[in-house]
Structure formats: C-alpha cells, structure tokens
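Worksheet: the structure to be examined is printed underneath.
The values are calculated or read from the model by the stated rules, or taken from the named source; none is laboratory data. What you see is a predicted model, and the numbers here were worked out from it, not measured in a lab. Reconstructed Cβ throughout: ideal geometry from the backbone, glycine too, with neighbour counts over all protein chains shown.
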Amino acid sequence: MERGFIFSLLAVFSVISLSIYITTHHYNHNNRHPFLPSPSPPTSLISKSDDRIWPKLELNWRIVMATIIGFLGSAFGTVGGVGGGGIFVPMLTLIVGFDTKSAAALSKCMIMGASTSSVWYNLRVPHPCREVPILDYDLALLFQPMLMLGITLGVALSVVFPYWLITVLTILLFSGTSSRSFLKAIEMWKEETIMKKEMERPREPTVNSRGELLIDTYEPLIPKEEKTPMQIFLFNLRWEKLMALIVVWAAFLALQIIKASSFLNYTFDFQESNQLVNDLVACSTSYWVITIIQFPVALAVFGHECVKLYKESKKRKSMGNPESVCEAAIDWTGPHLTFCAFCGILGGTVGGLLGSGGGFILGPLLLEIGVMPQVASATATFVMMFSSSLSVVEFYLLKRFPIPHALYLMAVSVTAGFWGQFFIRKLVAVLKRASIIVFILSAVIFTSALTMGVIGIDKSMRMTHNHEFMGFLEFCSSQ
C-alpha cells in the first residue's frame, strides 16, 4: 500500500509538471500572453520578492499569539515526528508579519530547537518493549543522506516551480499522508482495545496432573533491573553511529557553505545585467561540481548501510532467527532498500520544495514499514534535527532571519518540544495506547494542509489578479 501511495504521488507530480512545462513553453514562443511572459521575470517582481519584512520584537498581541501557536505546534509537531513547519510559516507571515523567505528561515530555527530538545528527552527514555535504544540509528543512517540529498534538489527546484503548482502539491501530499496516518491510527486503536480486553479478562486457575493448583501470575522469575536516567542515557547514546551521522551532516554543510559563499561574493544589481550575473554564478562549472559532489557522499553512506542491513538480515534468516535487524518489520532485500532510497529522496525533494524538513514524509513512512509509534517519533525527530540545523546554518550565512526573533522563538520551541514529549509519553504510558502519537501525527499534517493550502490559494489568486508570471522559470536565471 505504501508503494502505491508513493507512486501515485509521483505520477501526479510528473503529469502536472510536464503538462505545465509544455503549456508554458508553447505560449512563450507563440503567444505573449500577459500571464505567461518571457522566462526571465521583470526586475520589479524580483526586487519585490527579495524584500525583507522584519517587524520589531515587542510585546503585543501578535507576539503573544505567535508564542501560543508556536508552543502548541512545536509540542505536537515533535511528538508526531513531523516538525510543524506547515504551521509555523503561515503563523509567521499572517500573524507576525514576516515575508515568506524570512518566515521559512525562522520556521527552520523553531524546528531545530524543538527537535533538539526532543532528542535530549528521548535519550533519557528507555525503549518501551525491547532492550535496545529508542533511537533507531540504523534507520537514521539509512534515510538521513537520502533526505539531505533530496532537500538540496527540492530547494533548487523551489525557485523554478510556479507557486500555484507548489500549492497543489502541498494539498495533495499532506491530504494523502494525513488520511493514511489517520487510518493507521484507527487500526492501531482497535488492536489496542482488543489487547486491553484480553489483559483485563480474569485468568482461570489450572490444575496439573497431581491435582495441584497452579495460578499464572505472569510475573517474571527474575525481576527486571531498573536503570537510572544516566544509565538509560548512556545506553541510548551510540557514539560510533552518532559520529557517522555527524560526518554526513558536516560534509553536506561544508558543500552548502561553499555554494552559499560563491553567491555572497557577488553584488546583485537588479537594474543592470541581473540575468548575466545569475547565469555566471548559478550555472558555472564550480556550481555544478559542488552540486554533483553531494551525490557520491550521500550514496556512499546509504550504500554502506544497505550492505550492512542486507548481510545481517540474510545471516539471521539462515540461522532461523525471526527477529528483525532494526525496528522496521520488513525484509531488507534489494527491492525494499531501493524503495527506501526512493522514498528518502522523494521526501527530501518534496520537503525542500515546500519548505519543510521532510518529516511529513519520513514520519508516516516509518509507520508504514512497521516501526512502532514511539520509536518512529523519536527517530524521525532525530533525523530532522540534522536536516533543520543544516538549513539554519545556510540561512544564517545568507542573513535571512533576525537574531532576536530567532532566539526567542527557539526558546519557545525548545520548551515546547521537551514538555510535549513529557506529557504525551506519560499519557501513552497511562492509557497504554501508542496510537495517540499517530493521531497527533495525522492532525498536525492535516492542519498544515489547511493553513498552507489557504495561504497558497490566496497568493495564487492575487498573482493572477496582478498579471504576474505563473509558469516555470529557467533554472539558471532563478537560482
């Protein structure tokens, strides 16, 4: 079912993109329609889109509303493992008054703060049913390089795709993933209800062959040793795999800094030869070399993890061991590994295209391959901590967000991420229903679909009313 869902999204994405490209290409060469001008937009439109609107940080109803929405969005977003970028960007633009690019940058700061505090909390939490870390490092190493590679591609395509097409993709993707997650949550809720009834059913005493009364108390013969928070923390922290994730993060960061610095070395004058300067920077040899280098870096880490999972899975099968290699309840065969690579790149591309961290794909995907909700939430948040921090550094180098607002909103999200994890984990433990996490995941994605869909439709209608360019832009002239 997950394959059909992903392939249907890709099919819709490809058909819409191809049809619009053909349409705009045809009109650009034959009819100079006001809605489809030449590929290079007017300089007035470029300067408007680059304007930075940074309101002052002062106590008023706007900052109070932003604090409340930011706190709730961070708390529920990190619990669901999706971050909450689909809520933060509309809040920062509509309520606080930031421009779209600055709102996206501040949204990444909030996601980084919330995910970091959530990871710190999860490192002090034991696995609910196994003697393994609650963070699945194998899945993180499998998806992180593909996700980062996809985000790089998505960010590059975001300046080429028309705004209305991005809005359509947002509505389709978020509606599909939220509905699928909601159905998954209902299915889990029913299973949990059956299990609770079985556990509450009184056990009948049994009699052995000698007539002795036997009572099954389901108590282990050897009591389970209780660990201190520090012991749990050290057990969850696997330095070797953590360093591998940090190395991948640092490699992508270095490449992005080199690419960003090449842009910062030029002074863009939108009144004189803007097209020429952009072409020289965006499509130069160094630009393509830096972009292409990211592929072998990501594929090397992904390939190493694939070989490890495949060999371990084959070894356990030959020994008759039914236990899965990691939390995912699938066989690590060639087709499954290829499918994971495809989903990682697709999730990152869509995340970069929509301005999110990829959690809207990764969270539901982990549930689809059989990862239990607590581990899926912790692992998805763990991966998002790396991807969001990478974006924050890039935005900081480009001076894309005001420091005071970033520090304040990060403080709100850090607090919300920690307490959100605390209360929801306690609620799951008391009610014994992990499906609550999946319901929260579905609700956050659905709310993001509503907010981003409304804003996207409104902006697309205003662009149509103002006779602005509504087609694809050329890649080089748009970077």
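Numerical summary
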item	result
Flag if PHE382 is of a type in the set (Phe, Trp, Tyr) and part of a helix (DSSP H, G or I)	yes
Tabulated pairs, the range 336-353, first touching a residue at least 24 places away in the same chain (Cβ under 8 Å) and in a helix (DSSP H, G or I), second of a type in the set (Lys, Arg) and surrounded by fewer than 24 Cβ atoms within 10 Å (Cβ to Cβ), C-beta under 9 angstrom, 6+ apart or interchain	PHE339/ARG3
Residues of the range 418-476 satisfying the condition of being of a type in the set (Asp, Glu) and within 30 Å of THR291 (Cβ to Cβ)	GLU468, GLU474
Filter result for LYS184 (surrounded by fewer than 17 Cβ atoms within 10 Å (Cβ to Cβ), out of contact with any Asp or Glu (no Cβ under 6 Å at 6 or more places or on another chain) and not aromatic (Phe, Trp, Tyr))	no
Unmet criterion (only one of (1) hydrophobic (A, V, I, L, M, F, W, C); (2) closer than 18 Å to LYS101 by Cβ; (3) not in a helix (DSSP H, G or I)) for LEU409	(3)
Candidate set: the range 126-146, residues that are at pLDDT below 85 and of a type in the set (A, V, I, L, M, F, W, C); chosen: the one surrounded by the most Cβ atoms within 10 Å (Cβ to Cβ)	VAL132
Count of the range 82-106 residues which are assigned to a loop (DSSP other than H, G, I, E, B) and more than 18 Å from LEU390 (Cβ to Cβ)	3
Residue check for LYS184: over 24 Å from VAL89 (Cα atoms), in a helix (DSSP H, G or I) and in contact (Cβ under 8 Å) with a residue 60 or more places away in the chain	yes
Test result for VAL383, buried (at least 24 other Cβ atoms within 10 Å of the Cβ), closer than 21 Å to LEU135 by Cβ, among the β-branched types (Val, Ile, Thr) and out of contact with any strand residue (DSSP E or B) (no Cβ under 9 Å at 6 or more places or on another chain)	yes
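Here is a yes/no grid of residues against (1) of a type outside the set (Ser, Thr, Tyr); (2) under 22 Å from the mean Cα position of the chain (by Cα); (3) under 24 Å from SER435 (Cβ atoms); (4) in a loop (DSSP other than H, G, I, E, B):
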position	(1), (2), (3), (4)
ILE63	yes, no, no, no
THR78	no, yes, yes, no
LYS108	yes, yes, no, no
ILE111	yes, yes, no, no
ALA114	yes, yes, yes, no
PRO126	yes, no, yes, yes
